[in-house]
Amino acid sequence: MKRLISALALAAMLAAPGAAAAQNANLTANFGEIRLNVGFTPDPHRVDLTAGGSIDAYTDTDLPGACVGDISDAPDYEVTYSAGSLPLVFRTRSSTDTTLIINGPDGQWYCDDDSWGDGDAEVRFNKPSSGTYDIWIGTFNGGTASAALLITETP
C-alpha cells in the first residue's frame, strides 16, 4: 500500500504543471515584424497592438525576476535591426500600466515596468547589437489593453 501511495504521489508531481521555460521567441509575432537599419525613418517607428495575455511573466515563466506583467506566449512584435552608432530604444504607450520584455540578439532577457513614467515601460540599448529583438508587451494588472510600441534611435 505504501508503494502504491508513493507511486501515485510521484505521478502527481510529474504531471503537475510547473513554470514554463522562457517565452518562445521562435513563434510568429502576434502583430508582425519589421527590418530596420540604423537611421530608419520615420522615427519613432510605431506599432499599435493589444498588450497583455494569459501568462504571468513573474510566476508562470522562467524569465528573470524583473520581468513582470501578463503576456502572451508568442512575441507581440519582432524587429530585425542593423545597428550603427545610435542607441536603440523600445517604449510602450498606453492608458493602462504596461510592461516590456525583450529577448535580444544576444539571447539575454531585458525587462522593464514604468521607466518611461506614467505606467509606460522603456528598454534602452545604448550600444545595440545587430540581430533580432523579440518583444512582449504586458499589462501589469491583468487583462488586455490597447497600446503602442515605439521604437526610436533619438530618445
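The values are calculated or read from the model by the stated rules, or taken from the named source; none is laboratory data. The structure presented is a predicted model; accordingly, all values stated were derived computationally and were not measured. Every residue, glycine among them, receives a Cβ derived from its backbone with ideal geometry; neighbour counts consider all protein chains shown.
Quick notes
- Within this structure, Y110 passes the test of being more than 18 Å from D48 (Cα to Cα) and either aromatic (F, W, Y) or under 14 Å from the mean Cα position of the chain (by Cα) (or both).
- Selection within region 54-72: residues that are among the charged types (D, E, K, R) and in a loop (DSSP other than H, G, I, E, B). The member of this set that is surrounded by the fewest Cβ atoms within 10 Å (Cβ to Cβ) is D62.
- Subset of region 79-125 (residues that are part of a strand (DSSP E or B) and among the aromatic types (F, W, Y)): Y81, F90, W109, Y110, F125
- Residue within region 57-69 that is at pLDDT below 95, of a type in the set (S, T, N, Q) and over 19 Å from N30 (Cβ atoms) present: yes
A quick yes/no check of all residues on (1) in a strand (DSSP E or B); (2) over 14 Å from the mean Cα position of the chain (by Cα); (3) polar (S, T, N, Q):
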| position | (1), (2), (3) |
| --- | --- |
| P128 | no, yes, no |
| D134 | yes, no, no |
| G138 | yes, no, no |
| A145 | yes, yes, no |
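- Residue in region 139-147 that is touching a Phe, Trp or Tyr at 6+ places or on another chain (Cβ under 9 Å) and either surrounded by fewer than 17 Cβ atoms within 10 Å (Cβ to Cβ) or within 25 Å of D62 (Cβ to Cβ) (or both) present: no
- Filtering region 110-123 to residues that are modelled with pLDDT of 95 or more and either polar (S, T, N, Q) or surrounded by fewer than 21 Cβ atoms within 10 Å (Cβ to Cβ) (or both) leaves Y110, E122, V123.
- Selection from region 27-53 of residues that are in a loop (DSSP other than H, G, I, E, B), under 13 Å from the mean Cα position of the chain (by Cα) and not hydrophobic (A, V, I, L, M, F, W, C): N30, G53
- Condition check for S94: at pLDDT 95 or above and surrounded by fewer than 19 Cβ atoms within 10 Å (Cβ to Cβ): no
- Scan of region 105-128 for residues that are without any contact (Cβ under 8 Å) to a residue 60 or more places away in the chain and either hydrophobic (A, V, I, L, M, F, W, C) or in contact with a helix residue (DSSP H, G or I) (Cβ under 6 Å, 6 or more places away or on another chain) (or both), ordered by number: C111, W116, A121, V123, F125
- Region 91-107, residues that are under 18 Å from L49 (Cα atoms) and not hydroxyl-bearing (S, T, Y): R91, R93, D97, L100, I101, I102
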